[in-house]
Amino acid sequence: MEHIRTPKVEQVRLLDRFSNKITNGTLYLTATHLIFVESSANNSTSILHHHIASMEKLSLTTSGCPLVIQCRNFRVVHFVVQRERDCHDIYSSLLHLLRPVSYEELYAFSYNPKQNDQQREEGWQLIDLGAEFERMGVPCDQWQLTDVNRDYKVCETYPRDLYVPITASKPIIVGSSKFRSKGRFPVLTYFYQEKKAAVCRCSQPLSGFSARCLEDESMLQAISKANHNSRFVYVMDTRPKLNALANRAAGKGYENEDNYSNIRFQFVGIENIHVMRTSLQKLLEVIGTRSLSMSDYLVGLESSGWLRHIKAIVDAAVFLVKAVTIEGASVLVHCSDGWDRTAQVCSLGVLLMDPYYRTIKGFMVLIEKDWISFGHKFAERCDQLDGDPKEVSPIFTQFLECVWQLTEQFPQAFEFSEWFLLQIHEHVHSCQYGNFLGNNERQREELQLRERTHSLWAFLMSEKQNYLNPFYSPAYSEMHPVLEPSTLPYHFKFWRNMYHQFDRSMHPRQSILKTILTLRENSRKAENTVQALESVTRCDPQCDTRAPCASSHQRTALQLQHHPVTSGLPHTGGTHQPQRSAAAGRGG
Amino acid sequence: SRSDRSAQAKPPSVMSSDSAEFSPELRVTQDVTYFCPFIGALRGTVMVTNYRLFFKCMDREPTFVLDLPLGVVSRVEKIGTASSRLDVSYGIVCKDMRNLRFAHKQMEDTLRKSIFEVLMKFAFPVSNGLQIFAFEYGQVFPENGWKVYDTVSEYKRQGIPNESWRITKVNDHYELCDTYPSTLAVPVNIPDEELKKVAAFRVKGRIPVLSWIHPETQATVTRCSQPMVGVNGKRSKEDEKYLQAIMDANAQSHKLFIFDARPSVNAAANKMKGGGYESEDAYQNAELVFLDIHNIHVMRESLRKLKDVIYPNIEDSHWLSNLESTHWLEHIKLILAGALRIADKVESGKTSVVVHCSDGWDRTTQLTSLAMLMLDGYYRTIRGFEVLLEKEWLSFGHRFQLRIGHGDKNHTDADRSPVFIQFIDCVWQLTRQFPAAFEFNEYFLVTILDHLYSCLFGTFLCNSEQQRLKEEIPKRTVSLWSYINSQMEEFTNPLYVNYSNHVLFPVVSLRHLELWVGYYIRWNPRMRPQEPVHQRYKELLAKRAELQKRVDELQREVTNRSASTSCERPGSPTRSITPVQTFV
């Protein structure tokens, strides 16, 4: 609070970045938000401090002092503040506010959605990874739960509960972990029951030019033995070969096929976090240009490389899926540290092969498992605290985009719509909920997030209705449990609603999604009406005394009929409360 | 079994079963190889009739079938193969974005003529003095598509004649202008004699005539060809007076906009050939705007490049820059942007507009028809769209025969150009932005393009109304609209809501334009849609209709009962149907 110099500035103008629209209003600065209230309409724009990625004060113009704010959810706002002094105050206040140095300063620790402790706890219990492994059929005769990492001693960035082959003894695990970057040894992340094939993940081996580790070799042998359907294990190194070679000089590298019996080694060629960061910057530069020509757009889009990177990730996932579902082979996936590209490929791969992950609940489980628990460094990648800018990278955004590209190809296969993905993206950066804070499970426990913050999943679940995909067909998923996406380049499109989510002038004039949602809502109402009417006709002719009641039902039904449908209106049933609806009927 | 065609690409049953439509001259050849660029070499049998080439390969499960109307063939060429001198190999270049390659063993005496010769004969009937297949087709449909468009009733629908505009028969025998329709709508106060003087000043006599009139403001869209200004800046009093009359016919505005579709450089260059554009000195109160749309040669080259980029294979790494290098989307954008400016001037500016390019039958047609599609919801229905094509494209003499080259082997003809394809592409772009505003679906547009080439129907034959009349096209051929209107449900957009009074203003931003993959890349089996979402729309709508019916029934029942048991009656027995959407 002590950082806020000016809580309110009047006569501020908001410029649209693509049209010439100008809105006048007042700017308020609170401890958590920057709020712009339009003076003409009852409209306001509020920006969470954590969402602000960068700010720039442009040079003074005749109309005032321009302040451009770029947000992590790709909102770009351009304010013009009349007095330079006010602009400077806001700028310097924000500078302090948006660079928190400790986790306790994050919004999640002060956010209170008016829930009691029990509700909060229930929210955190929504996702249970133990139950998730049980759903896959683990533990089983070949895979078991190990307590080797109970105190985060073997690997501090892994979760406590890990699943390994039955034949992998403790010394093998410990030995293998010493031979892997950051101790991230091979563990199970998904078990494909139908073929008994496993998807495992780890970090790169510390092989250098010639080093070997017998325990690590036994570990891979154990993974191979756990699957009787295939004589070998695929080892997918998700890096470009050149990067992996370069790592050898630093005593790291990749598996030598000669040392490991029964492995098939494969490079996939996904670029590293730095390339991805630069690529996104280029993309945003291109699409942020006003009055862009068609050639600049297409050439710019391509030279940013963004869609090419997205395609590379999907390609890798497709490879993984084919190996597991068609060949029935187990696959071990790694990159350098095994928390960026590995998380992308594993999570996207299992999303393609297991319809459960394509439901709302399943998708939450997937993110909780492959991203949060396996230690994707959300704090550093999303720049939650004032940290090293070189560690920031849109790895998780890419994952969400890959999923979106798949929903475009398979509109019936996903329970959730684009809005669900956008909302998750929003909150990965908002720091409003505890789920994504910190870098790994151990850190989260130390921060006591379960006790001190709320879970995003409970919130999203409570408004599930808003995220349903009207095209979703469970029957389709039953018929096509494994999705086989095409990765031809024209299947990868620019995700307008992500990168232009807040640019109203970029939105389409009519949205099919909205149309279909309205249609569904109409059908649902008609169904209720049918039910109401049926109950009336059923209870009727015996006794005359019930007749008035019947007609009141009918009134309700008529009202429902006439009600213009806008969007997800809460359902007010006419069947169960004849008194109330009768009153409403007469009143209207 | 139809593995080399898009799931939605061909009419389902119109020509397959009925063998009467084939000429008896069939050729069946054993052991022909078709080199499918996606699957690989396939061995099978080929049959060529006077309408189609039919290749069948039984080795595959399901049976592979390639069914190609010969009308789509642009060129057939022999290819020398190094591998075996005994083999004959030839390639077929098609007008619909694909190329095919076949090979077979050298024919012995058993078959006198090679497939090549038969193809050359029947793919190019015009060059061989034969009849185009449409004249032999003769299928009977419940609907008669030739009745869809009637000039006078379409003008009547628009409220013409009225106090400012009249219908003239001056072109009844195509003497004023042989590429115009016989019935024209012109300003009331210009007598027929003066029209002839105006015609003398406009290229090919294509005088400004009415295409569309705004039902409320009386602002009009008129079309013509360029004025014959020439290097000396020639003027025509009659033409100036005529444009003034067009402006005066609209009391709302004291201005007239002249949209010249061409880039200003091209328009200026046309002065050397006796053409040019209206000078603002000569035409008081008129404002001239150039829309920068390129000519037919540029467009042809652009589509040729597009084909190179997408067929058969797409280079993964440079997809977008390759697409950019074709400039196809840029052309689409300019056409749509031009049409949007016209529609905006008429609707928002309440100002009349005159549209022309050089001859007024290519770019002008694109612009007026797209603007009319934005302005008038009638044209967004299936029948309305057919009327729009019949009127703006066919009756006003877009030269389909020359632009497409029906049955003509001269594939390098500089008159060929994908002007109409571009227009349909623009329509598709509009349907993407307004998914509920069009009664027809994507399949409708693809079907039109398929039969633009197929020569099964007479609709797109000839260059002008006069020629069509002379060839007795309506008498001797079947209309494409007969086929389409006999099974409308196939072509209906389930999301359609009749917003007849809404004007569509599309966003012509590049972020909203995309390549029409479902048409241009449909031969690639990997582009096939994974799921029929279309089907899902239909299901949802059917479910709603069913529920609505049930509600109606029950309500009637309840009304009857409550009438018999209680005197209280519902307020109103009439019940409005909930609209599908409440937003626009």
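The values are calculated or read from the model by the stated rules, or taken from the named source; none is laboratory data. Quick caveat: nothing in here was measured; it's all calculated off a predicted structure. Here Cβ is always computed from backbone atoms with ideal geometry, including for glycine, and neighbour counts include all displayed protein chains.
Look at A:Ser347 and say whether it is modelled with pLDDT of 95 or more, more than 27 Å from B:Ser321 (Cβ to Cβ) and either assigned by the TED database to the domain that holds A:Phe502 or part of a helix (DSSP H, G or I) (or both). Even if it seems obvious, please write down each step before you answer.
On the way: modelled with pLDDT of 95 or more: yes; more than 27 Å from B:Ser321 (Cβ to Cβ): yes; either assigned by the TED database to the domain that holds A:Phe502 or part of a helix (DSSP H, G or I) (or both): yes.
It is true that A:Ser347 is modelled with pLDDT of 95 or more, more than 27 Å from B:Ser321 (Cβ to Cβ) and either assigned by the TED database to the domain that holds A:Phe502 or part of a helix (DSSP H, G or I) (or both).
Take the residues in region A:516-560 that are under 46 Å from the mean Cα position of the chain (by Cα), at pLDDT below 75 and buried (at least 19 other Cβ atoms within 10 Å of the Cβ), then tell me which one is farthest from the other protein chains (Cβ to nearest Cβ). Talk me through it step by step, then tell me what you get.
First, the residues of region A:516-560 that are under 46 Å from the mean Cα position of the chain (by Cα): A:516-535, A:553-560.
Checking the rest, the ones that are also at pLDDT below 75 come to A:553-560.
Narrowing the set further to residues that are buried (at least 19 other Cβ atoms within 10 Å of the Cβ) leaves A:553-558, A:560.
On the way: A:His553: 8, A:Gln554: 5, A:Arg555: 7, A:Thr556: 11, A:Ala557: 7, A:Leu558: 6, A:Leu560: 9 Å.
Result: A:Thr556.
So B:Gly276 fits all but one of (1) surrounded by fewer than 18 Cβ atoms within 10 Å (Cβ to Cβ); (2) on the phi > 0 side of the Ramachandran plot; what number is the exception?
Of everything listed in (1) surrounded by fewer than 18 Cβ atoms within 10 Å (Cβ to Cβ); (2) on the phi > 0 side of the Ramachandran plot, B:Gly276 misses just condition (1).
Being closer than 26 Å to B:Thr168 by Cβ and free of Cβ contacts under 8 Å to residues at least 12 places away in the same chain is the requirement here; does B:Lys237 meet it? Walk me through it before giving the result.
Details: closer than 26 Å to B:Thr168 by Cβ: yes; free of Cβ contacts under 8 Å to residues at least 12 places away in the same chain: yes.
Against the criterion (closer than 26 Å to B:Thr168 by Cβ and free of Cβ contacts under 8 Å to residues at least 12 places away in the same chain), B:Lys237 qualifies.
Which residue pairs have Cβ atoms closer than 6 Å, lie 6 or more positions apart in sequence or on different chains, and pair a first residue in region A:122-137 that is in the same structural domain as A:Leu162 (by the TED database) with a second residue that is of a type in the set (D, E, K, R)?
Hits for this filter: A:Trp124/A:Arg450; A:Ile127/A:Glu368; A:Leu129/A:Lys369.
Is there a residue being surrounded by fewer than 17 Cβ atoms within 10 Å (Cβ to Cβ), assigned to a loop (DSSP other than H, G, I, E, B) and of a type outside the set (A, V, I, L, M, F, W, C) anywhere in region B:298-313?
Yes, region B:298-313 contains a residue that is surrounded by fewer than 17 Cβ atoms within 10 Å (Cβ to Cβ), assigned to a loop (DSSP other than H, G, I, E, B) and of a type outside the set (A, V, I, L, M, F, W, C).
Where in region A:210-310 are there helices (runs of 4 or more DSSP H), lying fully within it, with 3 or more residues that are touching a residue at least 24 places away in the same chain (Cβ under 8 Å)?
Details: elements: A:214-225, A:241-249, A:273-288, A:294-304.
Hits in region A:210-310: A:214-225, A:241-249, A:273-288.
Among the listed residues B:Phe135, B:Phe102, B:Phe116, identify the single one that is surrounded by 14 or more Cβ atoms within 10 Å (Cβ to Cβ) and at pLDDT 90 or above. Write out each step before concluding.
Values: B:Phe102 fails: at pLDDT 90 or above; B:Phe116 fails: at pLDDT 90 or above.
Testing whether each residue is surrounded by 14 or more Cβ atoms within 10 Å (Cβ to Cβ) and at pLDDT 90 or above leaves just B:Phe135.
Out of all the residues in region A:466-485, is one or more under 30 Å from B:His318 (Cα atoms), more than 8 Å from chain B (Cβ to nearest Cβ), touching a residue at least 40 places away in the same chain (Cβ under 8 Å) and of a type in the set (D, E, K, R)?
Checked against the condition, which is being under 30 Å from B:His318 (Cα atoms), more than 8 Å from chain B (Cβ to nearest Cβ), touching a residue at least 40 places away in the same chain (Cβ under 8 Å) and of a type in the set (D, E, K, R), region A:466-485 yields at least one hit.
Could you check region A:399-442 and list, in sequence order, the residues that are assigned to a loop (DSSP other than H, G, I, E, B) and more than 14 Å from chain B (Cβ to nearest Cβ)?
Selection gives A:Glu415, A:Cys431, A:Gln432, A:Tyr433, A:Gly434, A:Asn435, A:Phe436, A:Leu437, A:Gly438, A:Asn439, A:Asn440.
I'd like the residue in region A:153-169 that is touching a Pro at 6+ places or on another chain (Cβ under 9 Å) and in a loop (DSSP other than H, G, I, E, B) and, out of all such residues, is surrounded by the most Cβ atoms within 10 Å (Cβ to Cβ).
Once the filter is applied, the top-ranked residue is A:Ala168.
Suppose we keep only residues that are surrounded by fewer than 19 Cβ atoms within 10 Å (Cβ to Cβ) and of a type in the set (S, T, N, Q) within region A:111-145. Which one would you say is farthest from the chain's Cα centre (by Cα)?
Checking each candidate, the answer is A:Gln144.
Return yes when B:Leu504 is within 10 Å of another protein chain (Cβ to nearest Cβ) and touching a residue at least 60 places away in the same chain (Cβ under 8 Å) and no when it is not.
Values: within 10 Å of another protein chain (Cβ to nearest Cβ): yes; touching a residue at least 60 places away in the same chain (Cβ under 8 Å): yes.
Yes; evaluated as a whole, the condition is true for this residue.
Restricting attention to region B:209-263, and to residues there that are of a type in the set (Ser, Thr, Tyr) and modelled with pLDDT under 95, which single residue is nearest to B:Leu375 (Cα to Cα)?
B:Thr217
Identify the residue in region A:357-410 that is charged (D, E, K, R) and under 15 Å from A:Phe492 (Cα atoms) and, among all such residues, is surrounded by the most Cβ atoms within 10 Å (Cβ to Cβ).
Let us first name the residues in region A:357-410 that are charged (D, E, K, R), namely A:358, A:361, A:368-370, A:377, A:380-381, A:383, A:386, A:388, A:390-391, A:401, A:408.
If we keep only those that are under 15 Å from A:Phe492 (Cα atoms) too, we end up with A:401, A:408.
Numbers: A:Glu401: 24, A:Glu408: 15.
Checked region A:357-410; the qualifying residue surrounded by the most Cβ atoms within 10 Å (Cβ to Cβ) is A:Glu401.
Given the structure, is B:Lys538 part of a helix (DSSP H, G or I) and more than 10 Å from chain A (Cβ to nearest Cβ)?
yes
Limited to region A:488-515, what total is found for residues that are at the interface with chain B (Cβ under 7 Å from one of its Cβ atoms), part of a helix (DSSP H, G or I) and surrounded by 18 or more Cβ atoms within 10 Å (Cβ to Cβ)?
So the answer is 4.
Could you check region B:346-447 for helices (runs of 4 or more DSSP H) lying wholly inside it with 2 or more residues that are acidic (Asp, Glu) and in contact (Cβ under 8 Å) with a residue 24 or more places away in the chain? Reasoning before the result, please.
Details: elements: B:363-375, B:382-388, B:419-433.
In region B:346-447, no matching helices (runs of 4 or more DSSP H) lie anywhere.
Out of curiosity, is A:His96 under 30 Å from A:Leu280 (Cβ atoms) and assigned to a helix (DSSP H, G or I)? Let's see the steps before the verdict.
Numbers: under 30 Å from A:Leu280 (Cβ atoms): yes; assigned to a helix (DSSP H, G or I): yes.
Considered against the rule, which asks whether it is under 30 Å from A:Leu280 (Cβ atoms) and assigned to a helix (DSSP H, G or I), A:His96 comes out as yes.
Kindly indicate which of B:Tyr519, B:Tyr483 is within 25 Å of B:Leu100 (Cα to Cα) and assigned to a helix (DSSP H, G or I).
Numbers: B:Tyr483 fails: within 25 Å of B:Leu100 (Cα to Cα).
Only one candidate qualifies: B:Tyr519.
Check whether at least one residue in region B:83-90 is in a loop (DSSP other than H, G, I, E, B) and at pLDDT 90 or above, and report yes or no. Full working, then the answer.
Our first condition is that a residue be in a loop (DSSP other than H, G, I, E, B); within region B:83-90, this holds for B:83-86.
Filter again for at pLDDT 90 or above, leaving none.
No, that holds for no residue.
Residue by residue through region B:250-273, note down the ones that are small (Gly, Ala, Ser) and under 31 Å from the mean Cα position of the chain (by Cα).
First, pick out the residues of region B:250-273 that are small (Gly, Ala, Ser): B:251, B:253, B:261, B:264, B:267-269.
Across region B:250-273, the qualifying residues are B:Ala261, B:Ser264, B:Ala267, B:Ala268, B:Ala269.
Could you pull out the residue among A:Lys170, A:Lys196 that is under 31 Å from the mean Cα position of the chain (by Cα) and more than 22 Å from A:Trp339 (Cα to Cα)?
On the way: A:Lys170 fails: under 31 Å from the mean Cα position of the chain (by Cα).
Checking each option against the conditions leaves just A:Lys196.
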